[in-house]
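The values are calculated or read from the model by the stated rules, or taken from the named source; none is laboratory data. It should be emphasised that the depicted structure is a prediction, and the values quoted were computed from it without experimental measurement. Positions of Cβ are backbone-derived with ideal geometry, glycine not excepted, and every protein chain shown enters the neighbour counts.
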Amino acid sequence: MMWFPVGYLCRMCISMRNGRSTGGWEVKAKTLHGHVGHIAFHKRRIKNMGGFVGIVSLFLYLCSQKGRKMKILITGASGFIGSFIVEEALRRGMETWAVVRRSSSKAYLTDERIHFIELNLSSEEELVEQLRDHEFDYVVHAAGVTKCLNKADFRRINTEGTKNLVNALLELQMPLQRFVYISSLSVFGAIREQQPYEEIRETDTPQPNTEYGRSKLEAERWLDSLSPNPSPAGRGAFPYVILRPTGVYGPRERDYFMMAKSIKGHSDFAVGFKRQDITFVYVTDVVQAVFLALEKGETGRKYFLSDGQVYQSTTFSDLIHEELGRPWWIRITAPVWVLRIVTFFGEHIGHLTGKVTALNNDKYNILKQRNWRCDIQPAIDELGYRPEVDLKEGVRRSIKWYKENGWL
C-alpha cells in the first residue's frame, strides 16, 4: 500500500530537482490540510538532503498530517490583547504556544491546553536555539511596550525585538503560513489635523509624534525591507501582515480603566478646546482581525482597525459615567499648555522614582492630537473584517468586568 505514494513522491522530487514545472505538486500542496508552508520546508529538505532520505522525510511528514492541529506562537501572551488572542486560538482548536517572561503573570492564561515558552526577544542567537525544535504554522507578534522610562527602550523592545524574532524565524527557515505584527495607528502621528477632519489612509506619509509610534514604524519599515521575492536558496518571501488598531479597550485593559477610576472618584479631565475626533476598537474585534489576517492576509499588507465609528472626546467619559450609575462629578477641561506642564513633571518624577507613569511626554502628544479617524475599508474589503462591538456596548462590557473582578 505504501509503494504508490512513495513512487509518486519520487517522480515529483525528480521533477523539482530538474527544475521543471511542479504544477501538480502545487495543487496537491494546497489540498493537504493547507500546509503549504510545511511542504515548502520539506521540499527544501529534499533539495538539500537529496535522494531517498529527503523523499522519506517528506513522506513521513505527509503521513503525520491527518488530524494535525495548526500550531500558533503568540508573543505578549500575558498582556491585554495577547491573552484574548490566546483564548481565540484555543477556541479554534489550535495548538497554542504562549510566549511569557518568567516574571509575567499568568492570571489570564489558566487553560491547561496552553503550552508556555520563554523567549529572549533581545537576542537573535538565543531565539534560534529556543525555537530550533519547533515548527509553527502561524506567529502573532503582540509583544511590545507602550510606555517606558527610557526612550531607548521603545526601540530596543518594539523595533529590535521584532527584528530578532523574524531573523530567528528566517534563520530556521520556519515554514510559516503567516506572521501577523500588531502595530498601531500611532505610527502616523498628528496628520490631517485641519478641520473638517478626514480619515487617515494607508497612502498618507507617517509622521509619528511619539517614541512609541516611531519604534513601531521602524519595525514596520524593516519588515517592508525584507525581500518580496523568493530567494535563490528556495526560501519564499516572509509572509507578514501588519495590523494598525486605534485605541484598544476592553476587560483587562489598564490605561482606559484609569478614566473609569477617576470618574468613580467624581472627576473627569479633558484637554484642549479644539474639536477632537476619536476612534476606538474593542479588543475582541482586534482578535477577529488577527485571525482573518492569518487566514486571508496578503504578504506586506497593512490594515487600520477601529469599530467604524467616530466619537467626540467626551463620549467615552459620558458612557463610563452612565455605566457607573451617574455619580456626581466635576468635569475639567484644561488648556493644552496645562497638560504640557503636568506631563513634563510627570516624566521627570518617573525618572526620579524609577516608576513608569502614564503622565509622560508621549501621553502629551497623544492627548494633544485632534484627529484619530482612520480608513478601515481595506480591512473590510480584503479580510472580511466586520467590527461587532460599538463603543456603548464595549464600555458596558468593560465596566461590568471591572466591577466583577474588583477593579471598581
Inset, instruction - Tell me which of these ILE332 doesn't satisfy, since it passes every other one: (1) over 25 Å from PHE280 (Cβ atoms); (2) β-branched (Val, Ile, Thr); (3) in contact (Cβ under 8 Å) with a residue 12 or more places away in the chain. - result: (1)
Inset, instruction - Taking THR314 as the residue in question, decide whether it is out of contact with any His (no Cβ under 8 Å at 6 or more places or on another chain), loosely packed, with under 14 Cβ neighbours inside 10 Å and in contact (Cβ under 8 Å) with a residue 24 or more places away in the chain. - result: no
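When you check SER267 against the structure, is it free of Cβ contacts under 8 Å to residues at least 12 places away in the same chain, out of contact with any helix residue (DSSP H, G or I) (no Cβ under 6 Å at 6 or more places or on another chain) and either more than 23 Å from GLU87 (Cα to Cα) or not assigned by TED's automatic domain parsing to the domain that holds LEU170 (or both), yes or no?
Values: free of Cβ contacts under 8 Å to residues at least 12 places away in the same chain: no; out of contact with any helix residue (DSSP H, G or I) (no Cβ under 6 Å at 6 or more places or on another chain): yes; either more than 23 Å from GLU87 (Cα to Cα) or not assigned by TED's automatic domain parsing to the domain that holds LEU170 (or both): yes.
No, not satisfied.
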Legend entry - Scan of segment 352-391 for residues that are of a type in the set (D, E, K, R), modelled with pLDDT of 95 or more and surrounded by fewer than 15 Cβ atoms within 10 Å (Cβ to Cβ), ordered by number: ASP381, ARG386, GLU388
Legend entry - Selection count where residues are out of contact with any helix residue (DSSP H, G or I) (no Cβ under 8 Å at 6 or more places or on another chain) and aromatic (Phe, Trp, Tyr), scope segment 366-408: 1
Legend entry - Number of the exception - TRP329 against (1) closer than 26 Å to PHE179 by Cβ; (2) over 24 Å from the mean Cα position of the chain (by Cα): (1)
Inset, instruction - Report, by residue number, each residue of segment 175-217 that is among the hydroxyl-bearing types (Ser, Thr, Tyr) and either farther than 22 Å from CYS148 by Cα or surrounded by fewer than 17 Cβ atoms within 10 Å (Cβ to Cβ) (or both). - result: TYR197, THR203, THR205
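Take the conditions modelled with pLDDT under 95, of a type in the set (Ser, Thr, Tyr), surrounded by fewer than 22 Cβ atoms within 10 Å (Cβ to Cβ) and out of contact with any Cys (no Cβ under 6 Å at 6 or more places or on another chain) and apply them to SER227. Does it pass?
Working: modelled with pLDDT under 95: yes; of a type in the set (Ser, Thr, Tyr): yes; surrounded by fewer than 22 Cβ atoms within 10 Å (Cβ to Cβ): yes; out of contact with any Cys (no Cβ under 6 Å at 6 or more places or on another chain): yes.
For SER227, the condition - modelled with pLDDT under 95, of a type in the set (Ser, Thr, Tyr), surrounded by fewer than 22 Cβ atoms within 10 Å (Cβ to Cβ) and out of contact with any Cys (no Cβ under 6 Å at 6 or more places or on another chain) - is met.
Yes/no matrix, rows are residues, columns are (1) outside the structural domain of PRO239 (by TED's automatic domain parsing); (2) at pLDDT below 95; (3) surrounded by 15 or more Cβ atoms within 10 Å (Cβ to Cβ):
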{"site": "LYS296", "(1), (2), (3)": "no, no, no"}
{"site": "LEU319", "(1), (2), (3)": "yes, no, yes"}
{"site": "GLU323", "(1), (2), (3)": "yes, no, yes"}
{"site": "TRP329", "(1), (2), (3)": "yes, yes, yes"}
{"site": "PHE345", "(1), (2), (3)": "yes, yes, no"}
Inset, instruction - Check segment 111-130 and report whether any residue there is in contact with an Asp or Glu (Cβ under 9 Å, 6 or more places away or on another chain), within 27 Å of ASN360 (Cβ to Cβ) and either modelled with pLDDT under 95 or charged (D, E, K, R) (or both). - result: no
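The rows are residues; the columns are (1) free of Cβ contacts under 8 Å to residues at least 40 places away in the same chain; (2) more than 18 Å from PHE179 (Cα to Cα); (3) of a type in the set (A, V, I, L, M, F, W, C).
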| residue | (1), (2), (3) |
| --- | --- |
| ALA77 | no, no, yes |
| PHE80 | no, yes, yes |
| SER83 | no, no, no |
| GLU88 | no, no, no |
| ARG91 | yes, yes, no |
| ALA98 | yes, no, yes |
| ARG102 | yes, yes, no |
| LYS106 | yes, yes, no |
| ARG113 | yes, yes, no |
Inset, instruction - Return yes or no: is LYS151 within 20 Å of ALA358 (Cβ to Cβ) and surrounded by fewer than 15 Cβ atoms within 10 Å (Cβ to Cβ)? - result: yes
